[in-house]
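J.: First the structure, then my questions, so here it is.
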Amino acid sequence: MRELTYKDALNEALFQVMKADERVFCIGEDIGVYGGAFGVTAGLIEEFGEERVVDTPISEAGIAGACVGSAVTGMRPVGEIQFMDFVTISMEQLVLQAAKIRFMFGGKATVPMVLRMPGGSGTGAAAQHSESLENWFVHVPGLKVVMPSSPYDAKGLLLAAIEDDNPVIFIEHKLLYKTKGHVPEEMYTVPLSDTKVVREGRDITVVATSIMVNRALEAAEQLAAEGIEVEIIDPRTLNPLDEEPIIRSVIKTGRALIVHEAVKTGGYGGELVSRIMESEAFDYLDAPIRRLAGLDIPIPYNRTLEYHTVPQIESIVSEVKRIVRGEV
Amino acid sequence: MSSAVNTFQDELARRGLSIEQAHAMLQTMMEIRAFEEMAEELFARGLVHGTMHLSIGQEASAVGLSAPLRPDDYLLNTHRGHGHCLAWGSDPKLMMAEFMGKETGYCRGRGGSMHIADVESNNLGANGIVAGGIPISVGVGLSIKLRKTDQVVTSIFGDGAANEGAFHESLNMASIWNLPVIYYCENNQYAMSMSVERAFNVEKISQRAAAYGIPGKTVDGNDLLAVRDVVAEAVDRARAGHGPTLIEALTYRYKGHSKSDRQLYRTRDEVKEWQSRDPILRFAAFLEIDSETRKAKQAEARQVIEDALTFATESPEPDVSTILEGVYA
Ligand SMILES: Cc1ncc(C[n+]2csc(CCOP(=O)(O)OP(=O)(O)O)c2C)c(N)n1
Ligand SMILES: [Mg+2]
């Protein structure tokens, strides 16, 4: 089986879709000869030229607007925000324009754009380059929010996002770029709003997003050695959420832990807990649903503090044990 | 043609600068370079994580800018800000400790290279966000005005920052309210890989000042005294209540944008070209300092930074039990 890194899987998706569909173009800061800050667009400008691989000045509101305007007039832009943090500058165009145009125009327009951006901590980039802001977008009807955790999903979800007729916020993780996994050579899509059971287990349901899926998988291996079988679920698309597999799993295991990197307060975990509590899974719960998430602080620069700010394999292991052993 | 060629002594005297002051400025430039070289070395040796933006080649811009400013003025710095901090008078020990993420650093190891601030000395911080400090300058200027002091604020940013919407809003507001702001654009020819030729359709960034009805000046940013002169003029104007100025200092970064930059967007010849106008060598030559003396001074500067490194290395890491501190007042 062919293996690719997460970064190369995204890069291959862009190559293939740009070859296949003239309407697709890339736009963002340093995506040309530089190849993007994390190398995702490397080689595209050599293949497709400056017209379809557009380097912009440092103007995030402009990048978002360029995506909205070109999407509404028949193109399929794939914008890149260099670090997710900077999307705060694009918010008006995304929240008040991209997300609402279709609805406000009575369903007569579409905004088929994708805005890619790397989120997350772990690189020592400190408070203004390490944000996990996915829930800002989850809170806006009209936007789709996608967070791939594997190279396979990265490619398939990016192609699905580009094919989709809605604005899609596509959140990558800096620490995942170098991770490897099986990626088919041909073009394929992973459907949006299709929650995946990543690992089966009878004792507890762990719903994790982005890099936390990988950490949960490693935690599950350690826990299996101690006889605890963890079921891991990756929503992949946070909104609109395919909640059914999560509810089914909690009915089976009777316990749930939500793991995400973003700060706990106001995070996606709160939404997931509510979805479970409002469902028939409520009657099957043997323990309180818990959330393991980022501390309610900005990401510190110091390496040790940074490490302790977000969930790690060990913290997932110990939290699962506490829940399963009825210590919470 | 004038027959009398001014001596460097004349040039300094004309500006009210003593030879000692000039030597101190040269020394600061050398310390900046030594700090940056050490930063690069520490990074290469894996002793720091994250990233850093080195200002090697831009030392005259930093030292010339701070020269006419007073200790009670305010500084809003950029991501490429180590040099400006040192020129502002920051302690290299506390800077190095911050760079190494230590509790003794300016920001207790929470901020790192991109966020070094020293509120006590009115250094309101470097910024990880391009143009992030520019709107803040409006507030600082407004505060100075409301408090009726004659302080000024310098807002430093790169050429790339001038293409953020925040630049436009801020310069306009500072202009209509006559705020005492020095907008200081360090045009080092690139914003990461984006050259100014590709990012602007105006010849000079300073031309944009016209759009806000304020003076705009372009200066050779590798000429320490030239930088000092335009800044002095802008400072006088701001202190007198006549509002902001936009200064564009033409300079060049010798190193890549940050830790990993293959620099495919520029040529070696171009880098060499700029190195031939090295700000430190130029000012040393202007002061008629021979190469032996210059090397002795460089060694002295290196020692200051070595001492800073020793301090930082021996300093403690932040205690994990304090991790939640400092979010709210
Ligand atoms: C809002 C925002 N967009 C993008 C970045 C990423 N970034 C950091 S520095 C930089 C280039 C800045 O260029 P310039 O303003 O010319 O300053 P220089 O680095 O050349 O000193 C970029 C794109 C950022 N930090 N903030
Ligand atoms: Mg620049």
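The values are calculated or read from the model by the stated rules, or taken from the named source; none is laboratory data. Source: prediction; values computed, not measured. Here the Cβ is made from the backbone with ideal geometry for all residues, glycine too, and neighbour counts use every protein chain on show. Note: areas computed on protein heavy atoms with side chains; ligands, DNA, RNA excluded. Shrake-Rupley method; radii C 1.70, N 1.55, O 1.52, S 1.80 Å.
J.: Please grab the % of Cα pairs in chain A that end up more than 36 Å from each other.
T.: Roughly 17 percent, once rounded to a whole number.
J.: Count the net charge of all other residues whose Cβ sits under 11 Å from the Cβ of A:T123, scoring Lys and Arg as +1 and Asp and Glu as -1.
T.: With Lys, Arg at +1 and Asp, Glu at -1, the net is +2.
J.: Got a number for carbon plus sulfur as a percent of chain B's accessible area, 1.4 Å probe?
T.: Its accessible area is 52 percent carbon and sulfur atoms.
J.: Quick one: buried accessible area between A and B, total over both chains, 1.4 angstrom probe, nearest 100 Å²?
T.: 3000
J.: Of the cross-linked pairs B:K93/B:K297; A:K178/B:K259; B:K145/B:K217; B:K102/B:K255, which ones have a Cα-Cα span greater than 21 Å in the structure shown?
T.: Over 21 Å Cα-Cα: B:K145/B:K217; B:K102/B:K255.
J.: Please state the shape class of segment A:124-279: rounded when a/c is under 1.5, otherwise prolate if a/b exceeds b/c and oblate if not, all from the C-alpha gyration tensor.
T.: Taking the square roots of the gyration eigenvalues as a ≥ b ≥ c, segment A:124-279 is rounded.
J.: Here is a follow-up. Heavy-atom accessible area per residue, segment B:46-175, 1.4 Å probe: how many Å²?
T.: 29
J.: With every protein chain present, what is the per residue accessible area of chain A (1.4 Å probe, Å²)?
T.: Heavy-atom accessible area per residue stands at 38 Å².
J.: Shape verdict for segment A:208-328, please, from the Cα gyration tensor: rounded (a/c under 1.5), prolate (a/b greater than b/c) or oblate.
T.: On the way: a/c = 1.78, a/b = 1.28, b/c = 1.39.
In terms of gyration-tensor shape, oblate.
J.: Next question. How much of the accessible area of segment A:3-182, probe 1.4 Å, is carbon plus sulfur, in whole percent?
T.: 56
J.: Moving on. Put simply, what bits of segment B:74-114 lose 40 Å² or more of accessible area when the other protein chains are there, versus the chain on its own (1.4 Å probe)?
T.: So the qualifying set is B:R110, B:M114.
J.: Let me ask you something else. What full-extension length gain, to one decimal in nm, is calculated for B:A299 and B:V202 as 0.36 nm per residue of separation minus the Cα-Cα distance? It would help to have the intermediate numbers written out before the result.
T.: Numbers: separation 97, 0.36 × 97 = 34.92 nm, distance 4.23 nm.
Contour length minus Cα-Cα distance gives 30.7 nm.
J.: Another one. Just in segment A:58-135: which trypsin sites (Lys or Arg not before Pro) are loop by DSSP and have at most 12 other Cβ atoms within 10 Å? Kindly include the intermediate steps, with their values, before the conclusion.
T.: Working: sites: A:K100, A:R102, A:K108, A:R116; in loops: A:K100, A:K108.
Those that pass, being in a loop and sparsely packed, are A:K108.
J.: Then there's this: In segment B:37-67, which residues become less accessible by 30 Å² or more once every protein chain is in place, relative to the chain on its own, using a 1.4 Å probe?
T.: The answer is B:H49, B:G50.
J.: Using only Cα atoms, what is the ratio of the radius of gyration of the protein assembly as shown to 2.2 N^0.38 Å?
T.: This ratio for the protein assembly as shown stands at 1.04.
J.: Then there's this: List the GluC sites (Glu not before Pro) within segment A:20-116 that DSSP assigns to loop and that have no more than 15 neighbouring Cβ atoms inside 10 Å. Walk me through the numbers on the way to the answer.
T.: On the way: sites: A:E22, A:E29, A:E46, A:E47, A:E50, A:E51, A:E60, A:E80, A:E92; in loops: A:E22, A:E29.
Listed in order of number, the matching sites are A:E22.
J.: If you don't mind, another one. Please work out whether segment B:3-313 counts as rounded, prolate or oblate from its C-alpha gyration tensor, where a ≥ b ≥ c are the square roots of the eigenvalues and a/c under 1.5 means rounded, while otherwise a/b larger than b/c means prolate and anything else oblate?
T.: Verdict is rounded for segment B:3-313.
J.: In segment B:162-183, what residues drop by 10 Å² or more of accessible area when the other protein chains are put back, versus the chain on its own? Use 1.4 Å, and skip ligands and nucleic acids.
T.: Residues meeting the cut-off: B:N163, B:E164.
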